[in-house]
Structure formats: structure tokens, C-alpha cells
Amino acid sequence: MKRTKCEECKGKIIRKKVPFKLYGIELGMFTAEICQKCNEEIYDEDTLDKINKAAKQKGLWGLESKTKVGEVGNSLDIRISKKIADFIGLKKGEDILVHPENKKRIVIDVV
């Protein structure tokens with residue numbers, strides 16, 4: 001069934017190729033159904049398979065990792081997986097800047 005109206009806002013749906021990024025890396029142009037009112041993007045299953053293939057080819061597949069908060073003295077520590085450290089080029093002893101974005105998100109900038 002072809003979608004013509006957005007389920008969220010009732011805006012008109014159009015199909016077009018759009019750039020898809022994962023972790024700030026562009027994976028290519030992929031066809032999506034896009035609401036002209038709220039800009040929601042929906043990808044079909046075949047397109048998602050192509051996106052996943054492109055992510056795997058660029059080494060972006062499986063970068064996220066779950067970790068636990070530890071304690072060192074009076075401070076808390078968080079371990080960063082080797083895959084993530086390699087992806088961002090983080091090395092032992094480098095300076096980073098850590099700040100909250102909100103109550104549920106921490107931002108780490110390599111400086």
C-alpha cells in the first residue's frame with residue numbers, strides 16, 4: 001500500500017532520494033518517503049538493507065556499545081570501547097572536554 005498522508009501530521013508524502021548519515025558519515029543517497037509538512041523520513045525494508053550494507057562496508061556497523069559506570073576515588077569513570085576510540089582517533093593521555101547536553105545525554109569532545 002502506497003502512503004499518501006503522514007500518520008503523524010497528515011501532511012502529504014513524497015518519494016525522493018535523500019542523503020543518509022550515520023555517526024556523521026554519509027552512507028549515500030537513498031529513496032525515502034518524506035512528509036512535506038513534518039519532514040519525517042520513512043525507508044522501506046529493501047532500502048534499509050542497502051543502508052545497513054553501506055554501514056558495514058564503511059566499518060560503522062556495531063559501533064555503539066553498552067558499558068557500566070565505575071568509580072575511581074571520589075570520581076566516576078566510563079570506559080570507551082576500542083572500536084569507538086579507534087573511530088574517533090582517541091588515544092590514551094589525550095585531552096577531552098566532557099559536558100552535559102541535558103539530563104540524559106553527556107557530550108565528549110576531543111580537543
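The values are calculated or read from the model by the stated rules, or taken from the named source; none is laboratory data. Just so you know, these numbers come straight off a predicted model, no measurement behind them. Neighbour counts run over all protein chains shown; Cβ positions are idealised from the backbone, glycine included.
Identify, please: which residue in the stretch 92-111 is of a type outside the set (A, V, I, L, M), assigned to a loop (DSSP other than H, G, I, E, B) and touching a strand residue (DSSP E or B) at 6+ places or on another chain (Cβ under 9 Å) and is, among those, surrounded by the fewest Cβ atoms within 10 Å (Cβ to Cβ)?
Residue satisfying both the conditions and the ranking: D95.
Restricting the stretch 19-37 to residues that are surrounded by 13 or more Cβ atoms within 10 Å (Cβ to Cβ), over 22 Å from D86 (Cα atoms) and of a type in the set (A, V, I, L, M) leaves a set whose member that is nearest to the chain's Cα centre (by Cα) is A32. Among residues that are among the acidic types (D, E), surrounded by 13 or more Cβ atoms within 10 Å (Cβ to Cβ), on the phi < 0 side of the Ramachandran plot and at pLDDT 95 or above, E40 is not included.
Per-residue answers, yes or no, for (1) free of Cβ contacts under 8 Å to residues at least 24 places away in the same chain; (2) assigned by TED's automatic domain parsing to the domain that holds I25; (3) not acidic (D, E):
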{"site": "N74", "(1), (2), (3)": "yes, no, yes"}
{"site": "R79", "(1), (2), (3)": "yes, no, yes"}
{"site": "I84", "(1), (2), (3)": "yes, no, yes"}
{"site": "F87", "(1), (2), (3)": "no, no, yes"}
{"site": "K91", "(1), (2), (3)": "yes, no, yes"}
{"site": "E94", "(1), (2), (3)": "yes, no, no"}
{"site": "H99", "(1), (2), (3)": "yes, no, yes"}
{"site": "N102", "(1), (2), (3)": "yes, no, yes"}
{"site": "R105", "(1), (2), (3)": "yes, no, yes"}
